[in-house]
Structure formats: C-alpha cells, structure tokens
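Engineer: Below is one structure. I have some questions about it.
The values are calculated or read from the model by the stated rules, or taken from the named source; none is laboratory data. These figures come from a predicted structure and were not determined experimentally. Cβ coordinates were reconstructed from backbone atoms using ideal geometry, including for glycine residues, and neighbour counts include every protein chain displayed.
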Amino acid sequence: MQTINPNKLVLNKNNPRFIKDDKFAKLVQSIKDFPEMLDKRPIVVDEAMIVLGGNMRLRACREAGLKTVPYVVAEGWTEEQKQEFIIKDNVGFGSWDWNILLNEWNTDELEDWGLELQGVGIDEQDYSEKNKEIDIDSFDDEMVIKLKYTESEYNQVKGQLSKIAQTPEQAVWKLLGNE
C-alpha cells in the first residue's frame, strides 16, 4: 500500500454508485474523525490511476482536505475484472442484526457513522388508530383499502414495500403468501 495526493487519482465517471448530500457529509465527517480507517480500506485504482473502489471515499477525502490518501493498484486486471470489481465492491451481501444494533450500540453514533435507522422497528409501532374498523360484510369482488399516514410514515411504508416487490400491490400480494 502506498500514499498519494488525492488530486492525482482520477474519479471513475462510470462508477454507478453515489451518495446523496446528507450521507456524503457524514462520510466526510467520519474521515475527518477517524482517518486511520483509510489505512485498512485504501482506494483501489487501475494502472491509469482511475478509481475502481472508493470513488465516494476519494471525493470525501478531498472534501475533508486530506493531503495524502492510501491506495493500491490492481495491476493486470482485464476490463471485465475491473467492471466486476466496481460492482462487487459496492454490493452489500450481508444483513444487519437490528436487535443487537438497537440494544447494544449507541443509535446516535450509528446514525452519525452513516447507518440509516429510519424505518427500523417499524413493526413495533402501533398504527391501530390510523385505520378504521373494516366491515367485511360489505366486501365486493374488489375492495380498496385506504390508509392515512403522515409524509414520513408514508415514505417508510413505501420504502419497506419496495424491498418486497416492484409495486405496493405486488408487495401486499406476497405478504399474503401468494407468489
């Protein structure tokens, strides 16, 4: 591993991963607070010094004002290997154990570090006051279920449903045990 002025590395314009403003600001702050973490996760570049892994970290390092950043060169890789690495480096294969995180970690710190906790524990919330009693005797062949949410609650529900299927209707269908 070597170090280099971050301005000598080339951001990869074809990297499909990005971070929105608020999360990017958290990344910049985390680098300012704990720059040593970069030694364990250096920027990965090809022989032309184009970033393959760490595009957003490089942007954040520049924003944080770092004079040097650690990097490694992926030498001898084919274009196909470079493309595969760009995607695989940004794919999260694991899942969080929310019970451990919420009970054994400081949630304010987790959010400061960039872990999104919005919507976590959504099934623990009581929405019974949101919905009126449904009269099942008045069902026709097709019925509409109307739910009333605040904008924040709506975005949480929509986000959860989008993890299940492409449309809310498909998600509810799957939740009912249909495929």
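Engineer: When you go through (1) touching a strand residue (DSSP E or B) at 6+ places or on another chain (Cβ under 6 Å); (2) surrounded by 14 or more Cβ atoms within 10 Å (Cβ to Cβ); (3) not hydroxyl-bearing (Ser, Thr, Tyr) one by one for residue 24, which number turns out not to apply?
Structural biologist: In the conditions (1) touching a strand residue (DSSP E or B) at 6+ places or on another chain (Cβ under 6 Å); (2) surrounded by 14 or more Cβ atoms within 10 Å (Cβ to Cβ); (3) not hydroxyl-bearing (Ser, Thr, Tyr), residue 24 misses (1) alone.
Engineer: Within segment 2-13, count every residue that is surrounded by 10 or more Cβ atoms within 10 Å (Cβ to Cβ) and either in contact with a Ser or Thr (Cβ under 7 Å, 6 or more places away or on another chain) or part of a loop (DSSP other than H, G, I, E, B) (or both).
Structural biologist: Adding up the residues that qualify gives 6.
So that you can scan it fast, the table gives a plain yes or no per residue for (1) modelled with pLDDT of 70 or more; (2) exposed (fewer than 10 other Cβ atoms within 10 Å of the Cβ); (3) under 30 Å from residue 51 (Cβ atoms):
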position	(1), (2), (3)
91	yes, yes, yes
94	no, yes, yes
97	yes, no, no
100	yes, yes, no
112	yes, no, yes
122	no, no, no
126	no, yes, no
139	no, yes, no
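Engineer: Go through (1) assigned to a helix (DSSP H, G or I); (2) out of contact with any Pro (no Cβ under 8 Å at 6 or more places or on another chain); (3) surrounded by 14 or more Cβ atoms within 10 Å (Cβ to Cβ); (4) not aromatic (Phe, Trp, Tyr) and name the single condition residue 19 misses.
Structural biologist: Every listed condition holds for residue 19 apart from (1).
Engineer: Can you pull out the residues in segment 54-65 that are crowded, with 22+ Cβ neighbours inside 10 Å and farther than 10 Å from residue 6 by Cβ?
Structural biologist: Scanning segment 54-65 gives 54, 55.
Engineer: Now for a different question. Kindly list the number of the only condition in (1) aromatic (Phe, Trp, Tyr); (2) modelled with pLDDT of 65 or more; (3) under 21 Å from the mean Cα position of the chain (by Cα); (4) part of a loop (DSSP other than H, G, I, E, B) that fails for residue 85.
Structural biologist: (4)
Engineer: State whether one or more residues within segment 57-78 are outside any loop (DSSP other than H, G, I, E, B) and of a type in the set (S, T, N, Q). Write out each step before concluding.
Structural biologist: Applying the first criterion (outside any loop (DSSP other than H, G, I, E, B)) to segment 57-78 yields 57-64, 69-73.
Okay, now just the ones that are also of a type in the set (S, T, N, Q), so none.
Scanning segment 57-78, I find no residue that is outside any loop (DSSP other than H, G, I, E, B) and of a type in the set (S, T, N, Q), so the answer is no.
Engineer: Continuing with this model, one more query. Do you know which residues across segment 39-53 are on the phi < 0 side of the Ramachandran plot and either surrounded by 13 or more Cβ atoms within 10 Å (Cβ to Cβ) or in contact with a Leu (Cβ under 6 Å, 6 or more places away or on another chain) (or both)? Before you say what the answer is, go through the steps one by one.
Structural biologist: Step one: list which residues in segment 39-53 are on the phi < 0 side of the Ramachandran plot, which gives 39-48, 50-53.
Selection gives 42, 43, 44, 45, 46, 50, 51, 52, 53.
Engineer: Of all the residues that make up segment 67-82, how many are closer than 10 Å to residue 52 by Cβ and more than 25 Å from the chain's Cα centre (by Cα)?
Structural biologist: 3
Engineer: Determine which single condition residue 96 fails, assuming it passes every other condition in (1) hydrophobic (A, V, I, L, M, F, W, C); (2) assigned to a helix (DSSP H, G or I); (3) touching a residue at least 12 places away in the same chain (Cβ under 8 Å); (4) under 16 Å from residue 115 (Cβ atoms).
Structural biologist: Against the list (1) hydrophobic (A, V, I, L, M, F, W, C); (2) assigned to a helix (DSSP H, G or I); (3) touching a residue at least 12 places away in the same chain (Cβ under 8 Å); (4) under 16 Å from residue 115 (Cβ atoms), residue 96 comes up short only on (2).
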